[in-house]
1. Scanning for something at positive phi, small (G, A, S), under 21 Å from the mean Cα position of the chain (by Cα) and surrounded by 14 or more Cβ atoms within 10 Å (Cβ to Cβ), does the range A:75-83 turn up at least one residue?
2. Surrounded by fewer than 18 Cβ atoms within 10 Å (Cβ to Cβ), free of Cβ contacts under 8 Å to residues at least 40 places away in the same chain and in a helix (DSSP H, G or I): does that describe A:T102?
3. Can you say whether A:L42 is more than 30 Å from A:S129 (Cα to Cα) and touching a strand residue (DSSP E or B) at 6+ places or on another chain (Cβ under 7 Å), as far as the supplied structure shows?
4. Residues that are away from chain B (no Cβ under 14 Å) and buried (at least 21 other Cβ atoms within 10 Å of the Cβ), at least 2 per element: which strands (runs of 3 or more DSSP E) completely within the range A:110-181 meet that?
5. Here is a check on your reading of the model: is B:E109 of a type outside the set (S, T, Y), at pLDDT below 90, surrounded by fewer than 18 Cβ atoms within 10 Å (Cβ to Cβ) and under 30 Å from A:D165 (Cα atoms)?
6. Which numbered condition trips up B:L3, out of (1) assigned to a loop (DSSP other than H, G, I, E, B); (2) modelled with pLDDT of 75 or more?
7. Kindly provide the set of residues from the range B:76-86 that are more than 14 Å from every other protein chain (Cβ to nearest Cβ) and open to solvent by less than 30 Å² (accessible area, probe 1.4 Å), ordered by number.
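The values are calculated or read from the model by the stated rules, or taken from the named source; none is laboratory data. If you're wondering where the values come from, they're calculated on a predicted model, not measured in any experiment. Please note: Cβ atoms are built from the backbone with ideal geometry, for glycine as well, and neighbour counts cover all protein chains shown. Remember, those area values only see protein heavy atoms, side chains included, never the ligands or the DNA or RNA. Shrake-Rupley method; radii C 1.70, N 1.55, O 1.52, S 1.80 Å.
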Amino acid sequence: MERGQFWYNDFMLAFSILAVIGLIFVASMIDISSRDDDVDVLYDEAVSISSSLMSKGYNPGEWSQLDGRVGIVEGSKVNIENLQSFYSLTQGTNPEEEFISTVKPLLGVNNDFAFYFEDKMGSVVSEFSYDFGDGYFGHPSFSGISSLDADNVLFFIRFVYLDADSDGKGEIVKMVVAIWS
Amino acid sequence: MELNKKGIFFTMDAFMGLSLFILILVTLYIFFISAGTLEQQYYISEDFFDVFSNIKFDELDTEKYDGVFALLVEGKINNTDYTLSEQIIILSSEGNDANASLLVGDFTEGLLDERFGFSFELEDEIYARENKKNSLVSRGRLLTG
């Protein structure tokens, strides 16, 4: 065969390169698809958490017994008493365990989450009429975005009126729900 | 039978070319043909409507709202028992669109990320913060003032 259409060695080399590229491509597509599914789940749970928090809530005194419904906002205003009831759910002897056994089932979510209030200057609101530490609620070890070490993180924003020091004067703030996996 | 020496295409080259073409098409489909959800924008709009409708002026800490403080000092806002939306409507109906815009800006600036554009309309546009529009969510409510 004087004028061949291809040479066997060249063909095998080209086919091998194509096969490697194809395998890398398929692996990437599977990884992206998997991450998309994870992000979709996070997004749905973030919306669910924010909707629960934005509700009036019911029976806050029994939340520790997994009774009632979590909610901290009524008429666009944050109810500081309900917020204190929620905060106290993870202030026992084992906050991490309390978060897993009480907070997550109350809100019906599987992923870890936290939320905080941010004012128009971009500062986290931490001065309340109750002692809420640094102003972070939810997962006990969350202390800001920099403290997160997760594959996927998602933030969902709502807007509420917050009278943090309960003096009758407040401001419109951003309630940021952070959820991660 | 003598084979034609001038072939139109080479079979294996065509096969490889076709495979590559299909791979590129699939990649384009996955990466570019997707629509993002607009739930965040929806909730932002609804939350602002709720806050403007539920919160009264005398509940605001005026130290944190320069525009509100200025209008109070100038006497442009006389009745602090009105809700935020009622006061915006009153100012607009008096022809003070600039002051109505000042109020909306004072309430929203610093809260919305830069990636979001935002506008507030009462028949005409009162306030707008422009941004590149990839998608648009429009919400409307019947307000009184």
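1. Step one: filter the range A:75-83 for residues at positive phi, giving A:75-76.
Going one step further and asking which of them are small (G, A, S), we end up with A:75-76.
Right, trim to under 21 Å from the mean Cα position of the chain (by Cα) and you get none.
Within the range A:75-83, not a single residue is at positive phi, small (G, A, S), under 21 Å from the mean Cα position of the chain (by Cα) and surrounded by 14 or more Cβ atoms within 10 Å (Cβ to Cβ).
2. yes
3. Details: more than 30 Å from A:S129 (Cα to Cα): yes; touching a strand residue (DSSP E or B) at 6+ places or on another chain (Cβ under 7 Å): yes.
Against the criterion (more than 30 Å from A:S129 (Cα to Cα) and touching a strand residue (DSSP E or B) at 6+ places or on another chain (Cβ under 7 Å)), A:L42 qualifies.
4. Values: elements: A:112-118, A:136-138, A:153-162, A:171-180.
The qualifying strands (runs of 3 or more DSSP E) are A:112-118, A:136-138.
5. For B:E109, the condition - of a type outside the set (S, T, Y), at pLDDT below 90, surrounded by fewer than 18 Cβ atoms within 10 Å (Cβ to Cβ) and under 30 Å from A:D165 (Cα atoms) - is met.
6. Of the numbered conditions (1) assigned to a loop (DSSP other than H, G, I, E, B); (2) modelled with pLDDT of 75 or more, the odd one out for B:L3 is (2).
7. Restricting attention to the range B:76-86, the residues satisfying the condition of being more than 14 Å from every other protein chain (Cβ to nearest Cβ) are B:76-79, B:82, B:86.
B:I77, the sole residue that qualifies.
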